[in-house]
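Right, one structure below, let's go through it.
Only the coordinates and a few stated rules stand behind these numbers; no lab work does. Predicted model, so just to flag it, every value in this text is computed and none were measured. Neighbour counts are summed over all protein chains in view; Cβ atoms, including those assigned to glycine, are modelled from backbone coordinates with ideal geometry.
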Ligand SMILES: Nc1ncnc2c1ncn2[C@@H]1O[C@H](COP(=O)(O)OP(=O)(O)O)[C@@H](O)[C@H]1O
Ligand SMILES: [Mg+2]
């Protein structure tokens, strides 16, 4: 078992090293960093699916929420926006609070039959009240230097602070959705999470006052040095010379990636440590007992819904942290880049391939799948060019097929998922215990 | 007069488009609810199945247009639709044979089915993007309007007209025919009753000598046919965008759950409720209220509850409300 | 050889074996009853006879034909009808549709005739033919279930606790009807909780304990057997 783990991890390392020698170390570490982030996301999904059997189809939403948090924490505040719209925003927040208080109070005092209509009326009234203040506020904010800012900005804190906060924010969203959809049919959670993730993306795309929408927030402050500073500093140039680098700028790029790699690996290690501890604790054993035989566990007095909620929230938090890491690495938040196939379903392929329920498997799955996802493009190009070669370069069909080559990766991911589910449902690194009972319907 | 104008405005911008949209959703939701009822899982590949059938219809439409074949004033796509339907059915049957049947034999957990349906979704999405590309495609031809805004204004003698696009009328007519046929099939035919029996209790269906593989096959055939029709009508009415078919799963699932899982009547009800809510909530009532209010008065702002960017939020809110208030749906469906 | 002879059945639901070398036989026109304590494997034995269980050992022979490897849905055309213990009607379908489902495998002209016979046998079903079966009382449901099984025109009718949850009067009535069916030449295999009453109408009885045959004899002999009375019939 452990031999297998070592072997597979070793192979993955060899592949990345080969990329380093054959292509460049910059490329290798670029892939490595995203592999680590993917591994963190896969760990989060594995907590939900592997520990508890919960099908979260909203990974993208929680990741994006993490990215948004990174912006809101780390970008400098736009003082002008706050000064023109601060009052209105304060009034909006006040209206929001008032609405919530009114709803809670009304639900206590009105007779049960009237609860629903009264709640709806109050919510609608509150919605319009907030709109009265909020509409002008957003207009004002968005008209301030729209090309460069046009939003409120952030808190101006170091971006690393955003990572744990991103976890908290995503956990909060997960808690809300879990409260609603857990305890019902298993596929209801899937559908509800699908919904929440689309809405989170819509908010990030269209609320310009919040994060500039599709105009993107760029230039998020880095937790690591900038290349331009590095190539001008004495110590770095001597360091680069010491390692015999040809180009100082290449070396600077590599150095930055290395810094990120160290940060990311530290986060991965911390999360992994907690995840393994949790899995081996009585809590983890109970989670698996619930997963494998929910009815029996419920009969033994376990509060299944509560346990599920705990794991679900934890998993969402980890996805949120990964999202913040990703945005930090990119240095920008681009809402249009969030598509479910890439940010939700790809993570699922990672977890399934790695081995549901096994954290080491999830990390490995994250590495392999990200690597394949990146390499599928050149491969797809090569493949399409080869099979269309007989048609000649002028052929329209050939050109069309080569243009679509990038989408070979979808085919590849679908095939991997289906083949693993069919022929090796336990994945590359199977869970230590027997989960056969979890996979069959109890009737 | 003013009231009539307001009503005409409302009909033009809410009732007509929502009816067409509701019909398209209904066809999708019927397929999802049948699969829920018979195969007992949430099929995440259903959107892509719609997309696939539509894509084949588009390719055949282009071919026909190139050949100079036309059934003007009707869109050529109607002529191509049967091929798209056949293609979607073939795709569904092939994926069932290659993927889902194995898990059925194993009696796998529904969630396992849902996950493998994600694999199928990836595959179909890949095929679609390689074949037709990720960009928008428009393939509607033929007459655009049955009743233009101008004509209807004159006919009604109002300031506001009720324009009806041909695609909207086709959508409603086709949906009505298909739904009528489906209910006749389910209620009156041997195979239809077998499907209902299987959906009710699969073990007892076995004891009656009903062949489950046959029921499953019929279920896929119907669901895929409805999917291809729904996607094509949606594409005729708006445009064909490959990426939309993952998002459209949300209103379709919302309609299915709202109606009650495995309940065809519920799926239709749910679809129209979702469609009308979505269109109403994202409609700007400014002009409507201006007609109703005193002369020369108009409300400030658009009086729009939710910007159209958030139309999917409507489905989500409906979904959440159903889960909170009545998880079994309007017509009590299968809830474990 | 008996009309149905299920011999040496050994197997379970995938885990440990529930049945151990269990044998059950029925003759044409006779009523055979399986009794035993709760969890003895009576229902499991019925499912095994109907092919809903993978048997590790043993065989099922119906009318001289080995059907051990047939799927359940393929045993129906062979002349087997089964009323399971629970969930034995299609709750969302009307009484008549339930009966129609029973006739699913038939393509002869006699379907309406069989239906009429069933309405004669269970008049209440005729009255409620357009009502969803899920809305009926427990006793009525059992009648629908038996009716559905009879619609296949079985040569062997298997009933798993047909009288569970019905009043004693309805129980007697049901037993009478079952005897009537047996008189038409159908072999009846029945699991019963009400062991004494069931053995009274039985030609043969099987006492099952922990998946094994404990006693096998005529109904009369079992009722007379001191040990059977003490352990299984409550004195
Ligand atoms: N579907 C099943 N899966 C696994 N074990 C089962 C199943 N049904 C019954 N059993 C087990 O088989 C044994 C016999 O059950 P059953 O045949 O229902 O008994 P009886 O009908 O005599 O009361 C019991 O121990 C029961 O727990
Ligand atoms: Mg029993």
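Ranked for footprinting exposure by Cβ neighbours inside 10 Å, fewest first, B:46, C:204, C:20 give C:20, C:204, B:46. Between residue C:16 and residue A:101, the modelled labels are 6.4 nm apart [label points 7 Å from Cα along Cα→Cβ]. Summary value for chain B: 31 percent relative contact order, contacts being C-alpha pairs under 8 angstrom separated by 6+ residues. Binning the C-alpha pair distances of chain A at 20 Å intervals from 0 yields a P(r) profile of 21, 50, 26, 2 %, listed from the shortest bin outward. For the pair the range C:155-214 / the range A:147-173, the C-alpha centres are spaced 72 Å from each other. Once the chain from residue A:386 to residue A:14 is taken as fully extended at 0.36 nm per residue, the excess over their C-alpha distance is 131.2 nm.
Mark the label point 7 Å from the Cα of residue B:221 along Cα→Cβ and return the residues of the range B:30-64 whose backbone N is within less than 11 Å of it. From the range B:30-64, the list is empty. Counting beta carbons within 10 Å around each of B:278, B:300, A:232, B:160 and listing the fewest first gives the order B:300, A:232, B:160, B:278. The range B:95-136 and the range B:205-270 have their alpha-carbon centroids 15 Å apart. Listed from fewest to most Cβ neighbours within 10 Å, the set A:191, B:162 follows the order B:162, A:191. What FRET efficiency comes out for the pair residue B:188/residue A:234, r = Cβ-Cβ distance, R0 = 56 Å, nearest 0.05? FRET efficiency, residue B:188 to residue A:234: 0.05. What FRET efficiency do you get for residue A:176 and residue A:422 if R0 is 30 Å and r is their Cβ-Cβ distance, rounded to the nearest 0.05? The computed FRET efficiency comes out at 0.25.
Here the spin labels are modelled as points 7 Å beyond Cα on the Cα-Cβ line, and at residue A:90 and residue B:159 they lie 4.3 nm apart. Looking at the protein assembly as shown, what % of its DSSP beta bridges pair antiparallel, to the nearest 5? In the protein assembly as shown, approximately 65 percent of DSSP beta bridges are antiparallel ones.
If you run the Gaussian network model on chain A, springs between alpha carbon atoms under 10 Å, then out of A:310, A:394, A:332 the most flexible one is A:394. With the simple spin-label model, which puts each label point 7 Å out from Cα in the Cβ direction, the residue A:296 to residue B:180 separation comes to 5.5 nm. Taking a point 7 Å from the Cα of residue B:243 along the Cα-to-Cβ direction, the residues of the range A:189-208 with backbone N closer than 20 Å to it are A:194-208.
For the protein assembly as shown, the 222 nm mean residue ellipticity estimated from helices alone, with every DSSP H stretch of n ≥ 4 adding -39500 (n - 2.57) and the total spread over all residues, rounds to -20500 deg cm²/dmol. Can you give me the angle between helix C:168-183 and the longest principal axis of chain C, using Cα atoms only, in degrees from 0 to 90, rounded to the nearest 10? Roughly 90 degrees between the two axes. Extension gain for residue A:247-residue A:330 works out to 27.6 nm (0.36 nm per residue, less the C-alpha to C-alpha distance). Quick one: if the Förster radius is 51 Å, what FRET efficiency do residue A:393 and residue A:305 give, using the C-beta to C-beta distance and rounding to 0.05? Calculated value: 0.25. Between the helical axis of C:138-151 and the longest alpha-carbon principal axis of chain C there is an angle of about 90 degrees. Among B:125, B:92, B:313, the residue with the largest mean-square fluctuation in a Gaussian network model of chain B, with springs joining Cα atoms closer than 10 Å, is B:313. Cα centroid separation, the range B:138-202 to the range A:316-353: 40 Å.
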